[in-house]
Amino acid sequence: MTTGEATKNRSGALLEGIRSSSWQSRAAVAVVAVLIVLLLVQGVRDPGQFTSQLLIGLTNGAIIALIALGYTLVYGIVELINFAHGDNFMIGSFVGLTVLSGTLFGLGLFSPISGDSGAALKIAGVLIALVVAMAACGAINVGIERIAYKPLRNSPRLAVLITAIGMSFILQNLGLVWKGPAQVPFPDLISSANALPGDTIVFRWKDVFVIAVTVPLLLGLSYFIKNTKQGKAMRAVAQDKEAAAMVGINVNRTISITFLLGGILAGASGVMYGLFNGITVFNVGFTQGLYAFTAAVLGGIGNLSGAVVGGLLIGVIGSMADQYIGVRWTAIVIFAVLVLVLVFRPTGLLGDRSATQGGGSDRA
Amino acid sequence: MKGIRKVGMLAALGVASALTVAGCGGGGGGEGQGGAAEGPTATIVSDFPLQGANRAQTETMVNAIRLALEERDGMAGEVTVEYESLDDATAQAGQWDEAKCAENAQSVAQRDEVVGWIGPFNSGCAAVEIPILNEAGLGMISPANTAIGLTKPGGEPGEPERYYPTGERNYTRVIIADDKQGAAGATLMDEEGFESVYILDDRETYGQGLADQFERTAEELGIEVLGRDGIDGSASNYRSLMERIAQEQPDAIYFGGIIENNAGQLLKDKVGAGMSNDDVAFIGPDGIFVDELLNQAGDAAEGIYVTFGGLPEEELSDEGQEFVENFEAQYNEDIQPYTAYAYEAANVMLDAIERAYEADGDVTREGVLREIFATEDYEGVLGEWSFDEDGDTTLTELSIQRVEDGQFTLDRTLDVSDTVASVE
């Protein structure tokens with residue numbers, strides 16, 4: 001009885017919602033529905049193809065999501081768009097590359113780890129590259145915060161924004177000096193063979209690697225923020241800096257830790273990007289950063305789950321557009337979706353600044 | 001005109017003053033004493049991207065121009081020639097930069113002592129520079145631009161007229177243009193028995209124009225074009241695209257574009273999507289004919305074809321072989337595909353300056369420009385050729401390179417005069 005009542009209420013609320021909605025949002029829902037139906041039709045027509053593209057989109061999206069987390073994490077705490085994040089990601093891929101090459105400042109520490117090395121050496125190489133890059137990028141991010149953002153914490157927003165762009169250019173040019181302007185190849189350490197039996201659906205070991213790095217990092221981050229004391233402090237600082245300080249939270253340290261976490265994610269995604277795509281370049285942080293930032297906004301900036309959803313969505317939309325519309329249209333489609341979402345939900349799909357305050361609830 | 005080359009050689013040895021240099025080509029002949037003397041001076045400049053993936057190549061081009069000048073003791077006939085090398089790349093872009101191209105052209109346009117321009121390297125850069133230098137009446141010889149629209153209709157609407165605001169032509173090139181290079185790609189497919197192709201380009205003047213030319217010839221030859229797409233040069237990967245192409249099961253993929261626009265990644269993802277270079281051939285243009293590609297793409301580059309609007313060093317004329325020897329003796333660098341073309345461009349320019357002085361008694365931009373276009377039956381390192389009225393070379397022999405054991409090796413040479421004629 002009660003359930004029946006509840007259902008009735010719910011459908012009543014839904015009807016009420018539809019009645020009160022504007023014709024624009026009705027049209028938008030209709031367009032989205034049509035698109036989804038069209039995609040599903042394609043999916044039924046050639047399920048292997050559809051699934052392969054979906055998986056490609058998800059793995060590409062996972063990398064974007066990991067970068068997007070760095071943007072959103074920092075925004076959630078200090079309401080600053082850390083433009084240097086994308087370039088820190090690029091530095092991460094360069095650090096990984098340097099570790100794998102075994103040469104630092106002209107000193108040959110060990111012979112380069114390449115595609116011909118043994119399996120154990122490859123695994124060790126990947127792990128060490130990941131750890132070193134995470135540590136380096138974490139330190140860089142904390143350093144940037146100390147030098148360029150902290151002194152400006154009480155200045156007008158625009159000042160910090162400009163220093164962030166400045167840091168972005170500095171890092172980008174350091175990368176340029178370091179590895180030169182041409183694309184640099186990464187050693188092929190992870191097999192491109194299909195991890196699934198048969199060849200209708202392609203899911204390579206490289207894709208497995210991306211998921212194997214991304215998912216634990218996401219879970220770890222989510223645990224850290226929800227369940228640890230430090231995570232609690234972060235959520236408190238995000239809500240109200242002064243009040244948090246009043247109850248004895250060290251605000252400066254908490255902000256530093258947030259930047260550390262952001263940097264760690266940048267380092268991990270940098271190495272992962274290089275190993276996955278096989279090529280990196282000094283301005284990769286700009287393009288990837290732009291997509292990641294878009295993902296963060298799409299999902300709702302400041303919202304951790306939003307960044308993941310936004311990243312995966314951009315990846316999938318990209319691969320579906322490549323497959324069914326044409327490569328020339330992909331960027332147009334992705335940014336059209338962004339504009340559409342923001343027009344109807346200005347705070348993004350999952351809402352603004354809520355994750356660091358305890359999950360995905362819509363606060364806006 | 002073999003004599004010219006010999007004189008050049010002897011001049012390098014310091015005995016040039018004993019010999020008379022015969023004028024070359026189009027009736028502009030005359031006599032001039034070699035050797036240093038008080039007399040008129042002129043400046044030529046070159047303009048190449050000296051930073052980025054093509055750096056190793058463009059540096060040899062600058063050296064080739066230096067060599068050409070040194071072999072004549074710094075003289076074009078009685079004219080003392082100064083040479084200056086400009087860079088049209090920025091470190092930020094990692095390749096040629098439109099603003100830098102315009103800046104170089106504008107500053108040179110105002111310097112009256114400059115009478116000749118060798119370059120640029122990229123067709124997109126040429127599209128910016130030609131109109132500026134056209135207004136200044138400065139003669140240009142490019143060793144490397146292949147985009148068809150720079151000199152002939154067949155590119156975008158309004159080409160080539162929009163590059164020449166004064167209505168007078170001032171631009172020539174010693175490399176074979178893309179109508180012929182595109183035709184070479186299609187002819188190669190025909191010879192190999194490939195029946196279908198998927199065409200990609202990098203959305204730039206050069207790449208898109210070349211892909212258009214290729215598409216035209218391919219259709220003419222009865223090759224089925226399965227699709228056409230333009231890639232984003234800064235995308236992280238092209239897996240979705242390659243997955244989609246794999247479905248179409250083409251015999252070959254053609255890419256019109258340059259290495260800077262992620263050609264290495266494109267190749268990796270092509271092979272990664274199960275289309276090995278043995279099953280699905282990959283054909284690219286001279287824009288990816290750079291050793292750096294082999295470094296970037298690794299094993300994925302093995303077996304790809306590259307068309308080149310000219311001949312590799314081993315196929316050059318006797319003069320060409322001589323040049324290769326001299327160059328390698330003088331500079332500790334490997335010859336790159338365009339090195340000989342820069343050398344040829346420099347020699348054509350220097351000959352034009354010489355003839356202009358002989359005819360006019362003065363070196364002016366106008367005179368040099370006239371003499372560049374008058375170049376006829378020139379016997380240089382590339383063989384015997386002339387400029388046609390559009391400033392294009394009359395050569396029609398191109399080469400196809402293939403990557404074998406991690407190196408570009410000559411696969412065959414193709415004469416496309418028949419194919420081009422049938423398309424037109």
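Read the figures in this text as sums done on the coordinates, not as results from a lab. Everything numeric in this text was worked out from a predicted model, so none of it was measured. Here Cβ is always computed from backbone atoms with ideal geometry, including for glycine, and neighbour counts include all displayed protein chains.
Odds and ends about this structure:
- For segment A:241-350, the relative contact order is 20 percent, taking Cα pairs closer than 8 Å that sit 6 or more residues apart in sequence and dividing their mean separation by the residue count.
- Residues whose amide H falls under 5 Å from that of residue B:204, counting only those 5 or more places apart or on a different chain, are absent, with hydrogens built in the peptide plane.
- Kirkwood-type radius of segment B:309-369, with distances r between different C-alpha atoms, in Å: 13.1 Å
- Between the beta carbons of residue B:168 and residue A:336, assuming R0 = 30 Å, the FRET efficiency works out to 0.05 to the nearest 0.05.
- For segment B:346-363, backbone phi angles converted through the Karplus equation (6.51, -1.76, 1.60; θ = phi - 60°) give residue-by-residue couplings of 5, 5, 4, 5, 5, 4, 5, 4, 4, 5, 4, 5, 5, 6, 9, x, 7, 9 Hz, Gly and Pro being listed as x.
- Separation of the residue B:111 and residue A:10 label points, Cα + 7 Å toward Cβ, nm: 7.7 nm
- Taking the convex hull of the alpha carbon positions in chain A and averaging its projected area over all directions gives 22.8 nm².
- This model, with +1 at the C-beta of Lys and Arg and -1 at the C-beta of Asp and Glu, gives the protein assembly as shown a dipole about its Cα centre of some 7400 debye.
- Point-to-point label distance, residue B:161-residue B:322, nm (Cα→Cβ direction, 7 Å offset): 4.5 nm
- Residues with amide H under 5 Å from that of residue B:198, placed H, sequence gap 5 or more: B:226, B:252, B:253, B:254
- Sparse-neighbour loop sites [chymotrypsin sites (Phe, Trp or Tyr not before Pro); segment A:188-271; at most 12 other C-beta within 10 Å; DSSP]: none
- Taking only the C-alpha atoms of segment B:94-169, Rg followed by Dmax gives 11.8, 35 Å.
- The packing ranking of peptides A:236-243, A:81-88, highest mean first, is A:81-88, A:236-243, where packing means the average number of other beta carbon atoms within 10 angstrom of each residue.
- Separation between Cα centres of segment B:169-236 and segment A:10-26, rounded to whole Å: 53 Å
- Taking every residue in B:292-300 and counting other chain Cβ atoms within 10 Å of its Cβ, the average works out to 4.
- Relative contact order for chain B, counting Cα pairs under 8 Å that sit 6 or more residues apart, in percent: 19 percent
- Subtracting the Cα-Cα distance of residue A:177 and residue A:37 from 0.36 nm times their residue separation leaves 45.5 nm of extension gain.
- One quarter of the convex hull surface built on the alpha carbon atoms of segment A:80-209 amounts to 10.6 nm², the projected area averaged over directions.
- Once the Cα-Cα distance is subtracted from the 0.36 nm per residue extended length, the residue B:366 to residue B:409 segment shows a gain of 11.3 nm.
- Scattering profile of segment B:241-343 at q = 0.13, 0.15, 0.20, 0.21 Å⁻¹ [log10 I(q)/I(0), Debye over alpha-carbon scatterers]: -0.55, -0.68, -0.97, -1.03
- Helical contribution to [θ] at 222 nm, DSSP H n ≥ 4, -39,500 (n - 2.57), averaged over chain B, rounded to 500: -12000 deg cm²/dmol
- For segment A:26-357, relative contact order (Cα pairs under 8 Å, six or more residues apart, normalised by length) works out to 33 percent.
- Gap separating the Cα centres of segment B:120-157 and segment A:301-327, nearest whole Å: 40 Å
- Taking every DSSP beta bridge that has both ends in chain B, the antiparallel portion is near 40%.
- Estimated purely from DSSP H runs of n ≥ 4, each contributing -39500 (n - 2.57), the mean residue ellipticity at 222 nm for chain A is -25000 deg cm²/dmol once divided by its residues.
- Think of each Lys and Arg Cβ as +1 and each Asp and Glu Cβ as -1; about the Cα centre, that makes the dipole of segment A:26-357 roughly 720 debye.
- Sorted on the mean count of surrounding Cβ atoms within 10 Å across their residues, most packed first, peptides B:346-358, B:123-135, B:212-224 read B:346-358, B:123-135, B:212-224.
- Members of A:206/A:229; A:122/A:179; A:122/B:268; A:206/B:270; A:206/A:232 lying beyond 25 Å, as alpha-carbon distances in this model show: A:206/A:229; A:206/A:232
- Cα-only radius of gyration and Dmax that characterise segment A:201-272, units Å: 16.0, 56
- For q = 0.09, 0.11, 0.15, 0.22 Å⁻¹, Debye-computed log10 I/I(0) when each Cα of segment B:154-289 counts as one equal scatterer: -0.28, -0.41, -0.71, -1.37
- Computed from backbone phi with θ = phi - 60° and the Karplus coefficients 6.51, -1.76 and 1.60, the 3J(HN,Hα) list for segment A:199-216 is 10, 6, 10, 9, 9, 7, 4, 4, 5, 4, 4, 4, 5, 5, 8, 5, 4, x Hz; x is used for glycine and proline.
- Cut-off under 5 Å, modelled amide H: who pairs with residue A:281 long-range: A:184
- Debye equation applied to the C-alpha atoms of segment B:219-277, log10 I(q)/I(0) at 0.22, 0.24 Å⁻¹: -0.92, -1.06
- Computed over chain B, the alpha-carbon pair-distance distribution with 10 angstrom bins reads 5, 23, 32, 24, 11, 4, 1, 0, each value a whole percent.
- Cβ-Cβ distance of residue A:26 and residue A:165, R₀ of 51 Å, FRET efficiency by 1/(1 + (r/R0)^6): the value works out to about 0.80.
- Of the beta bridges in the protein assembly as shown, as assigned by DSSP with both residues counted there, near 45 percent are antiparallel.
- Cα-centre dipole for chain B with unit charges at Cβ (Lys and Arg positive, Asp and Glu negative), debye to 20: 660 debye
- With a 10 Å cut-off around each Cβ of B:226-239, the average count of Cβ atoms from other chains is 6.
- Cα radius of gyration and Dmax for the protein assembly as shown (Å): 30.2, 116
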